[in-house]
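These notes are about the structure you will find just below.
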Amino acid sequence: MGVSTSSPEKGISVVTVDFPPVNALPVDGWFALADTVRAAGRDPEVRCVVLAAEGRGFNAGVDIKEIQARGQRALLGANAGCAEAFAAVYECEVPVVAAVRGFCLGGGIGLVGNADAIVASEDATFGLPELDRGALGAATHLSRLVPQHLMRALFYTARTATAAELHAHGSVWRVVPRDPRDLLRAAALELAREIAAKDGRLLRLAKAALNGIDPVDVRRSYRFEQGFTFEANLSGVADRVRAGFGKEGAR
């Protein structure tokens, strides 16, 4: 359990997240993920990072039970940890390919929205159930996956989009059949291999250049969103919504 790194091929580092049962990361998990991705990107032998996950889905966001148990201290930690993990993916010195299967929710959107490319299995679903969980945030990253009006509708309704739908919008590079799971890994490695075949120094310059021309400052934009998450908590509305989390019909 935790965050691990493997090197299946020259120039490729695979960072795998495994927090059973649903990859809802605790505070320490977000910081561990950030540190691992940054370390992989700093390795001069690495030219592409693949971000993957074990278990039932790619990522279910923050561990709400931890926040309910530890209160504001855990909330502050989760917000800081998410910000660092999202930034680590975006600021990784080399391209990051996200390999997504199953659910990709909440903080998962922050990760894949900041990745350079996404490969997904056909059962992958992407969304922000934040309004149903007493939170806000990561609309910055969902905006990188779908057009503005669709992003707003998905955010307000807490609905999800499929891998096929994101592929149609151009944000998912390739969709592969759900079974066997090795197809997803193979597809992610195939893209990573093609990227890693380029000159390593030039790849790092290219990543810095593309980030430099990005029209949105993702760190600043996400931080702005977080301010409203804090406001929701201070006002008490977040606690009220979270108290109903998991109950049928709760809103």
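We did not get these values from a lab; they are worked out from the coordinates using the rules stated. It should be emphasised that the depicted structure is a prediction, and the values quoted were computed from it without experimental measurement. Here the Cβ is made from the backbone with ideal geometry for all residues, glycine too, and neighbour counts use every protein chain on show.
Structure data summary
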| read-out | value |
| --- | --- |
| Shape call, the chain: gyration tensor on alpha carbons, a/c limit 1.5 | prolate |
| Helix axis angle, 148-157 relative to the chain longest principal axis, alpha carbon, degrees | 40 |
| Exposure proxy order (Cβ contacts within 10 Å, fewest to most) of His167, His141 | His167, His141 |
| Residues Ile64, Ile12, Ile118, sorted so that the one with the fewest Cβ neighbours within 10 Å comes first | Ile64, Ile12, Ile118 |
| The stretch 1-78 - Rg over Rh from alpha carbon coordinates, Kirkwood radius | 1.05 |
| DSSP bridge pairs, the stretch 1-62: antiparallel proportion in percent, nearest 5 | 45 |
| Alpha-carbon centroids, the stretch 83-122 and the stretch 5-78: separation in whole Å | 10 |
| Volume per residue of the C-alpha convex hull in the stretch 154-251, rounded to whole Å³ | 178 |
| Estimated 222 nm signal from helices in the chain, with DSSP H stretches of n ≥ 4 weighted -39500 (n - 2.57), rounded to 500 | -15000 deg cm²/dmol |
| Cα gyration tensor shape of the stretch 20-161, rounded if a/c is under 1.5, else prolate or oblate by comparing a/b with b/c | oblate |
| Cβ-based net charge around Thr125, under 13 Å, with every Lys or Arg adding one and every Asp or Glu removing one | +1 |
| The stretch 182-236: C-alpha gyration tensor shape, a/c 1.5 cut-off, then a/b vs b/c | oblate |
| Counting DSSP beta bridges with both ends in the chain, the antiparallel % (nearest 5) | 30 |
| Degrees separating the helix 72-91 axis from the principal Cα axis of the chain, which is the longest one | 20 |
| GluC sites (Glu not before Pro) restricted to DSSP loop in the stretch 1-67 with at most 16 other C-beta within 10 Å | Glu45, Glu54 |
